[in-house]
1. Only Cα pairs under 8 Å and at least 6 apart count here; give the relative contact order of the stretch 47-93 as a rounded whole percent.
2. So if R0 is 25 Å, what FRET efficiency would VAL92 and LYS18 give, r being the distance between their Cβ atoms, rounded to the nearest 0.05?
3. Could you work out how much longer the chain between LYS251 and LYS106 gets when fully extended? Use 0.36 nm per residue separation minus the Cα distance between them, nm to one decimal.
4. Please work out the ratio of the alpha-carbon Rg of the chain to 2.2 N^0.38 Å and round it to two decimals.
5. Relative to the compact globular guide of 2.2 N^0.38 Å, what is the alpha carbon radius of gyration of the stretch 76-233, as a ratio?
6. Quick check: the angle from helix 75-85's long axis to the longest principal axis of the chain, C-alpha only, nearest 10 degrees?
7. In Å, the Kirkwood hydrodynamic radius of the stretch 22-63 over pairs of distinct alpha carbons?
8. Please give the net charge around LYS106, taking every other residue with its beta carbon less than 12 angstrom from that of LYS106, where Lys and Arg add +1 and Asp and Glu add -1.
Amino acid sequence: MKALQSIQDIQNWSQACKKNGHKVSFVPTMGFLHEGHLSLIRLAKKNSDQVCVSIFVNPLQFATHEDLDAYPQDLRKDFALLEKEGADVVFVPKPKEIYQQGFQTKVDVTELSKNLCGKSRPGHFEGVATVVLKLFNIVQPDLAVFGDKDFQQKRVIERMVEDLHLNLKILGAPIGREYDGLAMSSRNMYLSSEDRENASVLYRSLQLAKERVEKGQMQSSSIIAAVREFIERAHPTGIDYIQICDAKSLKDVVQIKTESVLCLAVYFGKARLIDNVILEPFQQ
Ligand code: PAF
């Protein structure tokens, strides 16, 4: 596996791949890789000839009160995992090369960024869309893989690709889960053993919602109320949101009539965990 730091080097690599007729896939990450990331890399590998993974902790997607400096990092372990997984290139740019002096252009996917995490993390998706567009322009992949766990992020990127006529395909990867259903996340390491045990309620609450819809319950408010009550029994530190939205527009729905998604963000201890489940409208 090659480790490249400069924009020029990664562009040369990508162009050489294209010249050789190779299909290039791209998995952007902020490092501290876990099994969830590795499943994205496996999907990328299955769908291309050459896989590039980036590791870049993007300052633009952190608000001032969110601790960018405390973001966990372990490059040595990341490199070992990537090597084992068979990634071809890891791109680890320096912040000053990505955000060069005088940088001022940002990408705002206006509507999709407003709801859900966008409400509690203003500016977050602008930071994500901006860095992802930069990385797409640098790596020039034929396809890029994003996890379904960050459902809103995936939708924001899909919309940006469509709106800006970018010439690449976005693949969504199913949510990687622990033995008890907890979605894999770098944030799980912040959970105490008690909170870790309690946090499995999130997956079970999503299953509960799915079962209710499959039985014909269509009203969002009653499903959300049941999910909230179920989660509260596991003593979370706080519930940021539990919402049911149209899976395309991410606008809240009163009744589940189109493909919808129940998204939640819940705190256990200091860890803010997100998860979601697709809800298909009930058909008789
Ligand atoms: O999902 C992430 O890790 C980040 O938001 C991403 C897509 C790498 C952009 O910084």
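1. Taking the mean separation of contacting Cα pairs over the length of the stretch 47-93, I get 68 percent.
2. 0.70
3. The LYS251-LYS106 span can extend by a further 49.9 nm.
4. Relative to the rule-of-thumb radius for its length, the chain sits at 1.03.
5. Taking the Cα Rg and dividing by 2.2 N^0.38 Å, one obtains 1.26.
6. 90
7. In the stretch 22-63 this quantity evaluates to 11.1 Å.
8. Local charge sum for LYS106: -1.
Read-outs: derived from the displayed coordinates by stated rules, not from any lab. Quantities reported herein were computed from a predicted structural model and do not represent experimental measurements. All Cβ positions, even for glycine, are placed from backbone atoms using ideal geometry, and neighbour counts span all protein chains on display.
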